[in-house]
1. Please give me the summed charge of the neighbours of Thr205: other residues whose Cβ is under 11 Å from its Cβ, Lys and Arg +1, Asp and Glu -1.
2. For the charge dipole of the chain, defined by +1 on Lys and Arg C-beta atoms and -1 on Asp and Glu C-beta atoms about the Cα centroid, which residue among Val75, Ala8, Val22 has the Cα displaced farthest towards the positive pole?
3. Along the charge dipole of region 164-225, which of Gln212, Ile191, Thr171 sits closest to the positive end, that is, farthest toward it, with unit charges on the beta carbon of Lys, Arg, Asp and Glu (+1, +1, -1, -1)?
4. Enumerate the amide H contacts of Asp204 below 5 Å, restricted to partners 5 or more residues apart or on another chain; note that Pro and chain-start residues carry no placed amide H.
5. Write down Rg/Rh for region 133-212, rounded to two decimals, with Rg from the C-alpha atoms and Rh from the Kirkwood relation over Cα pairs.
6. Given the pairs Lys145/Lys190; Lys4/Lys145; Lys166/Lys190, which are separated by over 28 angstrom at their Cα positions?
7. Taking the Cα centre of region 176-228 as origin, work out the dipole magnitude from +1 charges on Lys and Arg Cβ and -1 charges on Asp and Glu Cβ, in debye rounded to 20.
8. Need the full-extension length gain, His184 to Arg93, defined as separation in residues times 0.36 nm minus the C-alpha distance. One decimal, nm.
Amino acid sequence: MKTKRNYAVAIDGPAGAGKSTVARRVARDLGFLYVDTGAIYRTVGYHMDFYGIGPRDTDGVNRLLPDVNISLEYVDGVQRMLLNGRDVTDEIRTPEMSAIASAISAQPAVRAYLLELQRDMARRHSVVMDGRDIGTVVLPGADVKIFLTAAPEVRARRRFDELRAKGESVTYEQVLRDLNQRDHQDQTRKIAPLRPARDAVEVDTTGLDIDQVAAAIEALVKERLGSL
Ligand code: DC
């Protein structure tokens, strides 16, 4: 009997390019699992911060890393992050945790620690996985690779609207500054920096809405994989 293999769609790109909204939608339409890998880095950062370890303290991070047990759960199709059994999904969504996640993701031991967890998800399910290094490092054999971009001002405006809707008191200028700093940090780190895979299709989401971006990606998936 022919066993059905799992498929993988990798979506990488800078903060605020619309990755998670688009990836969630495409996953739902295709019947794949959506895996948000940024949430995994945020969870590691949260653990370190909880114990007073700064994200650049390599010795401290390496010492505590074996205590970090992360699992992903899906409740009504929404990814929940469990840290040593505790649900931290909401706590990791703050500007402070974004900065901590970006800094900690430059730690080689952290990246190595999380690699297998991410690959394991893709072994067990067909996935739409979003992040910074999915097409280049985590799933270099992904069936479809997308690199989502948009002008920094557009990305900052989206992030700003999101944060304000959640009641965070931030200014647009502050969000733009944080975002540029995070992009720079993610692009210039030594290991698995943010960059498009050679075989990625770049999609600039400036001026496009979610329906248009999702349709473009789904058309590409159909072209590569036929009807699933
Ligand atoms: O996607 P996000 O904003 O939740 O990601 C938070 C940080 O985690 C991001 O600034 C860099 C890091 N990250 C990474 O290094 N590799 C990934 N695959 C996903 C996120």
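The values are calculated or read from the model by the stated rules, or taken from the named source; none is laboratory data. What you see is a predicted model, and the numbers here were worked out from it, not measured in a lab. Cβ: placed from backbone, ideal geometry, glycine included. Neighbour counts: every protein chain shown. Heads up: the accessible areas ignore ligands, DNA and RNA and are worked out on the full protein's heavy atoms, side chains in. Shrake-Rupley method; radii C 1.70, N 1.55, O 1.52, S 1.80 Å.
1. Spelling it out: positives minus negatives among the neighbours equals 0.
2. Farthest towards the positive end: Ala8.
3. Ile191
4. Amide H to amide H, under 5 Å and 5 or more residues apart or across chains, Asp204 pairs with Thr149.
5. Ratio of gyration radius to Kirkwood radius: 1.02.
6. Lys166/Lys190
7. So the dipole magnitude of region 176-228 works out to roughly 400 debye.
8. Working it through step by step, the gained length comes to 30.7 nm.
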